Amino acid sequence: MHGIPTKQFVDDFTLPVYGFGMWGHGGGWEIPNYDDEADAGTVTAIHHALSLGVTHFDTADKYGGGHAEELLGQAVKHYDRSKLLITTKVWNTEQSPHRMRLSLEASLQRLGMSYVDLYLLHTYPEPGVAIEDVMHTLDTFVAEGLVRHIGVSNFTPKRFDRAQACAQHRIVCNQVHYNMQWRQAEDLGIVRQCQDQGAALVAWRPLQRGMLGAEGGRILQPLEVKYRKTANQIALNWLVSQPNVTVVAKTSSPEHLEENLASFDWSLDSDDIAFIRKQYPDQQHGPDTVDLFHAGSDPA
Ligand SMILES: NC(=O)c1ccc[n+]([C@@H]2O[C@H](COP(=O)([O-])OP(=O)(O)OC[C@H]3O[C@@H](n4cnc5c(N)ncnc54)[C@H](OP(=O)(O)O)[C@@H]3O)[C@@H](O)[C@H]2O)c1
């Protein structure tokens, strides 16, 4: 296995094509699970990832009620900080200038770090909070050295443009649900916009929780034979074969991590990329179970 390739974006932002997702580590949504055995498993999984060259870790203030950030901080505390790329996010209930500062300070404390490399608005701000104030606050965090780069998540192109128009710094990424089956990012024009803007489209749930092979077996099996790769490796390669697309995937399993990391030192042929785009079965073009693209204040 070679090192994880990187892609280059606006604002001198470099991102490895594969990042380690922290959702599901440390508890559920807003709810921590302080379980010594599970926590040790997370720390071991992070150490294993580091040993294989993973440097991008993706977490959020709400994952495990902050416990995911604590575990990540604990796991990387003896590693060279300058070699890590840490993303965390702020949920839309915490995006007023005052609350966002408190939220960022709490995230940094839990991570045991003085800055994060990438700070994302997890969704568009909730009603009553002006996008101008939110973006100004993010710019201030960059000026203060608390945040290296700013980004968004689950933003429609219109909302991305509105946010960018209020910000001094470039928005370097939009993190959205995107994989061979879930295509809303294409339909809404997010893939195209990220390419045009020089921003990363960071695909969350790139493996659709390990379900893509089962659901797309008929299409993927001949390709698995042709490339001698698994369905998950084809799914990840398909995503990052596109300009500007990178992924964040979650796994606690050493075998799954090694499988996933062996997805990038080879290429799908362009006709197979197009074939999957067209023929992958049961494509989803509507919103996910929670429509994060339309959460928030201004029209999407
Ligand atoms: N911005 C947002 O709104 C948002 C929303 C959701 C997620 N995210 C981010 O995106 C990350 C990934 O999303 P996700 O965790 O929902 O979905 P995912 O990465 O597509 O799927 C994770 C699931 O797939 C399994 N898996 C991973 N590699 C596998 C393999 N090679 N073979 C079989 N199963 C495999 C994992 O199980 P094992 O642990 O057993 O391997 C886990 O259950 C999250 O951790 C989070 O950081 C962001």
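Read-outs: derived from the displayed coordinates by stated rules, not from any lab. Owing to the predicted nature of the structure, the values given are computational and were not obtained by experimental measurement. Counting neighbours? That spans all protein chains shown, and the Cβs are built from the backbone with ideal geometry, glycine included.
Listed by first and then second residue, the pairs with beta-carbon distance under 6 Å, at least 6 apart or on different chains, first residue in segment 103-124 and over 14 Å from Val142 (Cα atoms), second part of a helix (DSSP H, G or I) and of a type in the set (D, E, K, R), are Ser103/Glu94; Ser107/Glu69; Arg110/Glu69; Arg110/Glu70; Leu111/Glu69; Tyr124/Arg159. Within segment 211-223, being surrounded by fewer than 16 Cβ atoms within 10 Å (Cβ to Cβ) and within 13 Å of the ligand (Cβ to nearest atom) holds for Met211, Ala214. State all residues of segment 12-27 that are in contact with a helix residue (DSSP H, G or I) (Cβ under 7 Å, 6 or more places away or on another chain) and of a type outside the set (Val, Ile, Thr); if no residue qualifies, say none. Result: Tyr18, Phe20, Met22, His25, Gly26, Gly27.
Can you tell me which residue in segment 7-25 is farthest from His48 (Cα to Cα), limited to those that are more than 8 Å from the ligand (Cβ to nearest atom), of a type in the set (A, V, I, L, M) and buried (at least 18 other Cβ atoms within 10 Å of the Cβ)? Ranking the candidates gives Leu15 first.
Which residues, taken from segment 46-102, are in contact (Cβ under 8 Å) with a residue 12 or more places away in the chain, polar (S, T, N, Q) and surrounded by fewer than 17 Cβ atoms within 10 Å (Cβ to Cβ)? If the condition is that a residue be in contact (Cβ under 8 Å) with a residue 12 or more places away in the chain, polar (S, T, N, Q) and surrounded by fewer than 17 Cβ atoms within 10 Å (Cβ to Cβ), then Gln74, Thr93 are the ones that fit. Within segment 266-282, work out how many residues are under 15 Å from Asn232 (Cβ atoms) and in contact (Cβ under 8 Å) with a residue 40 or more places away in the chain. Here the count works out to 3. Selection over segment 277-300 of residues that are part of a helix (DSSP H, G or I) and either among the basic types (Lys, Arg) or closer than 15 Å to Gln208 by Cβ (or both) gives a count of 2.
If you go through segment 254-269 and keep only what is within 28 Å of Ser153 (Cα to Cα), touching a helix residue (DSSP H, G or I) at 6+ places or on another chain (Cβ under 8 Å) and assigned to a loop (DSSP other than H, G, I, E, B), you end up with Ala262, Ser263, Phe264, Ser267, Leu268. When you go through Phe155, Phe160 one by one, which is the residue that is within 16 Å of the ligand (Cβ to nearest atom) and in a helix (DSSP H, G or I)? Just one listed residue meets the conditions, Phe160.
Within segment 34-53, not a single residue is under 16 Å from the mean Cα position of the chain (by Cα) and of a type outside the set (A, V, I, L, M).
Residues checked against (1) out of contact with any helix residue (DSSP H, G or I) (no Cβ under 7 Å at 6 or more places or on another chain); (2) farther than 29 Å from Ala40 by Cβ:
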| residue | (1), (2) |
| --- | --- |
| Arg192 | yes, yes |
| Leu201 | no, yes |
| Val247 | no, no |
| Thr251 | no, no |
| Asp271 | yes, yes |
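Determine whether segment 71-78 contains at least one residue that is closer than 27 Å to Asn174 by Cβ, among the β-branched types (Val, Ile, Thr) and within 13 Å of the ligand (Cβ to nearest atom). Checked against the condition, which is being closer than 27 Å to Asn174 by Cβ, among the β-branched types (Val, Ile, Thr) and within 13 Å of the ligand (Cβ to nearest atom), segment 71-78 yields no hits at all. Candidates in segment 253-264 are the residues that are surrounded by fewer than 21 Cβ atoms within 10 Å (Cβ to Cβ) and small (Gly, Ala, Ser); of these, the one that is nearest to Val43 (Cα to Cα) is Ser253. Annotation for segment 245-252: at least one member residue is assigned to a loop (DSSP other than H, G, I, E, B) and in contact with a strand residue (DSSP E or B) (Cβ under 6 Å, 6 or more places away or on another chain).
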